[in-house]
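Chemist: Got a structure here, written out as structure tokens. Questions coming.
The values are calculated or read from the model by the stated rules, or taken from the named source; none is laboratory data. Predicted model only: the values in this text are computed from it and were never measured. We place every Cβ from the backbone using ideal geometry, glycine too, and count neighbours over all the protein chains shown. Ligands, DNA and RNA are stripped out before the accessible areas are found, and what is left, the full protein with its side chains, is counted by its heavy atoms. Shrake-Rupley method; radii C 1.70, N 1.55, O 1.52, S 1.80 Å.
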Amino acid sequence: MAREPRERKTEERDGEFVDKLVHINRVAKVVKGGRRFGFAALVVVGDQKGRVGFGHGKAREVPEAIRKATEAAKRTLTRVPLREGRTLHHDVAGRHGAGRVYLRAAPPGTGIIAGGPMRAVFETLGMQDVVAKSIGSSNPYNVVRATFDALKRQDSPRAVAARRNIKVSALQARRRDVEAEQAAD
């Protein structure tokens, strides 16, 4: 009886997360009797409110590999600061191996303009407006890791203000001045 409440608790927690299967890789091991197939899955998990993680799972069957990857993704959740809950605070670049990604903040109504692996990350993150470009490696593992590298470099005005020991309002005032100046040009 002690196990039942735990299972219910995980089901409730799972309800708040959205997971997307990004890639499945089938690998074969040649043995005496023929081939043994294994599967590797890459899954992205997020709560669509600014938390996202990715995981990699390997198993002999696809559903088991996906389950393992989902559990690994839930263990690596990271929080990403979003402006107005829909886009990035500033443009940012990220890289992993030969994969490079560039993420740009976008005005309302733009939508998610990004390739497959990056799109999965943004949708599970809850981002609504972003323009992204992947350069170099098109390997989904590298693209996802490069995207996470870029998201880790994302700073909120609150964090920048705390680092500079100034008020957030002073920082926002400077931003408005720069935007007005750019609009005038």
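Chemist: Pick out the one residue from GLU64, GLU11, GLU4 that is modelled with pLDDT of 95 or more and outside any strand (DSSP E or B).
Modeler: Selected residue: GLU64, the only one of GLU64, GLU11, GLU4 that is modelled with pLDDT of 95 or more and outside any strand (DSSP E or B).
Chemist: Let me ask something additional. Can you tell me which residue in the range 65-82 is surrounded by the most Cβ atoms within 10 Å (Cβ to Cβ), limited to those that are more than 15 Å from the chain's Cα centre (by Cα) and free of Cβ contacts under 8 Å to residues at least 24 places away in the same chain?
Modeler: Across the range 65-82, the extreme among qualifying residues is ARG67.
Chemist: Further question on the same structure: ALA59 passes all but one of (1) open to solvent by less than 70 Å² (accessible area, probe 1.4 Å); (2) in contact with a helix residue (DSSP H, G or I) (Cβ under 7 Å, 6 or more places away or on another chain); (3) within 18 Å of THR147 (Cβ to Cβ); which number fails?
Modeler: (3)
Chemist: Pick from the range 129-185 the residues that are closer than 21 Å to GLN48 by Cα and polar (S, T, N, Q): which of them is modelled with the highest pLDDT?
Modeler: Of everything passing the filter in the range 129-185, THR147 is modelled with the highest pLDDT.
Chemist: Kindly provide the set of residues from the range 132-173 that are within 15 Å of ALA114 (Cβ to Cβ) and loosely packed, with under 13 Cβ neighbours inside 10 Å, ordered by number.
Modeler: Matches in the range 132-173: none.
Chemist: Given the structure, is VAL52 in contact with a Gly (Cβ under 6 Å, 6 or more places away or on another chain), in a strand (DSSP E or B), farther than 21 Å from LEU88 by Cα and among the aliphatic types (A, V, I, L, M)? Step through it out loud before you land on a result.
Modeler: Numbers: in contact with a Gly (Cβ under 6 Å, 6 or more places away or on another chain): yes; in a strand (DSSP E or B): yes; farther than 21 Å from LEU88 by Cα: no; among the aliphatic types (A, V, I, L, M): yes.
Criteria not met by VAL52.
Chemist: List the number of the failed condition for ALA120; all other conditions in (1) surrounded by fewer than 19 Cβ atoms within 10 Å (Cβ to Cβ); (2) in contact (Cβ under 8 Å) with a residue 60 or more places away in the chain; (3) small (Gly, Ala, Ser) hold.
Modeler: Here ALA120 clears every test but (1).
Chemist: Now a separate question. Filtering the range 96-117 down to residues that are in contact (Cβ under 8 Å) with a residue 40 or more places away in the chain and crowded, with 19+ Cβ neighbours inside 10 Å, which residue is nearest to the chain's Cα centre (by Cα)?
Modeler: Among those that are in contact (Cβ under 8 Å) with a residue 40 or more places away in the chain and crowded, with 19+ Cβ neighbours inside 10 Å, it is PRO117.
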